[in-house]
Amino acid sequence: MKLITLKNNIASLMKTNRFSIITSNFLLSSTMYMTNNLHTLWYHNSKQMINYGYFHVSMSLAGIIAPFVFLYSPTKNGRIFLSCSAILTAFGLFISHITHSPMISLLSGFLQGMGFSVFFLSIRNIVYCLSNKKERVSILAETFTTSNISKWLALHFSFFILTGKLSSDNSIPIVYLVAGIIASISWLPVIRSNIVVDKSSKQSKLQDLLDIFKNHKIFVYFLISSFTISGIYLSNSVIFFPIILKKVGLSGPTILLITAYSALIAALFQAFLGHAKLANYSQEGYKYSCICLGLCLIGIIFIYPFKYILIPSVFIFNILLSCTIFFRRLIELDIYPESIASKLFGLSGLFYLAGSMIGGYIGSYLISKNFLPVTFAMATFFLFLSLKLSLMIINRIVKDTTDPTSKSFLA
């Protein structure tokens, strides 16, 4: 009797919107994390870093275009967005192993960037369309948790594939094939759902966007300084860590394990920060975490030939990066007006991708010319530039808020 009851409960759970959303999110997140670091290693092994630059630029550009595709699409059905984006992602992954063709690199990057962006945007909108606020919060928390679990499992899956009987060069396409198959079925759980994405008129959304650029310029400058420039320095450092680790003699599978465990430790550290009472120290925390992050980048420039010093540095870098992101989120919550906060959060992703598109191509070009130290030196410069401009603008916003009679020099 208990077994029958358990079976019925599981069957009922599988038919709920919660299970459908979380399962689809888990599946596509797995494909993203499964191939994220492999892209860099595969292009580097093939001596096609210029084409990797094309791939990265195309992916970032697709991520910028994706919200407008979602906004101006004639359909309101979230399931159609999910199915189309998953199929696009799958096809992009299937052709990812072809690195010698610039056109295929551009096509693969664009399809993956568009597919991932539209998919996760659809998931977010479907969650926000749920009428029960408590259920929305619960599902958002669960999707975040399952994304972290999927990252852990996906990196370990790639590790076991690459350490199997096949050589690394032959097994990397297998990982792309498996990731593509998973992506192609990731939309199926949501097919049970009949949720419709409720979108307001295109004209009002576009007018709201133009209003921010016209009447809230100081926040646009903050987005440029904090997100666009950070996109430049992060795309010149983080995405090339696998290449640095490979240059010191580590194998691809070992690099994946280092990435998995450093991400896990950084996530745990960020969870600790979330429970600490640091809300009143957001600017100080952001300032000092950025300074330490810059010093870590400078240190990597000089120690990267030394394997056993470099590995701990990667862990430290990820912890410092998680601190920087955490304190920046606190600052955003403090300075964004409630009336336009959601729009600014949406724009932050677009501004970041714009910077990532620029930095990723420049970094790929420099690494193709064996200018790895120059890449990290440039990342350090843009990091400190972002910190200086961000703090200057944040102080101005705070002053304008506390003293309404003051005239902003950026208004």
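No value in this document is a laboratory result; all are computed from the given coordinates. This structure is a prediction, so every number in the text was calculated from the model and none was measured. Please note: Cβ atoms are built from the backbone with ideal geometry, for glycine as well, and neighbour counts cover all protein chains shown.
Go through 48-61, 303-316, 325-338 and give me the packing order, highest mean Cβ count within 10 Å leading.
For the peptides 48-61, 303-316, 325-338, the packing ranking is 48-61, 325-338, 303-316.
In percent, what relative contact order does the range 203-401 have, based on Cα pairs under 8 Å that are 6 or more apart in sequence?
Once divided by the residue count of the range 203-401, the mean separation gives 45 percent.
Once you've got the Cα coordinates, tell me which of 151/388; 217/388; 307/388; 151/343; 246/388; 247/287 are over 24 Å apart.
From 151/388; 217/388; 307/388; 151/343; 246/388; 247/287, over 24 Å: 151/388; 307/388; 151/343; 246/388; 247/287.
Where does each of 18-24, 368-374 land if you order them by average Cβ count within 10 Å, highest first?
In decreasing order of mean packing, 18-24, 368-374 become 18-24, 368-374.
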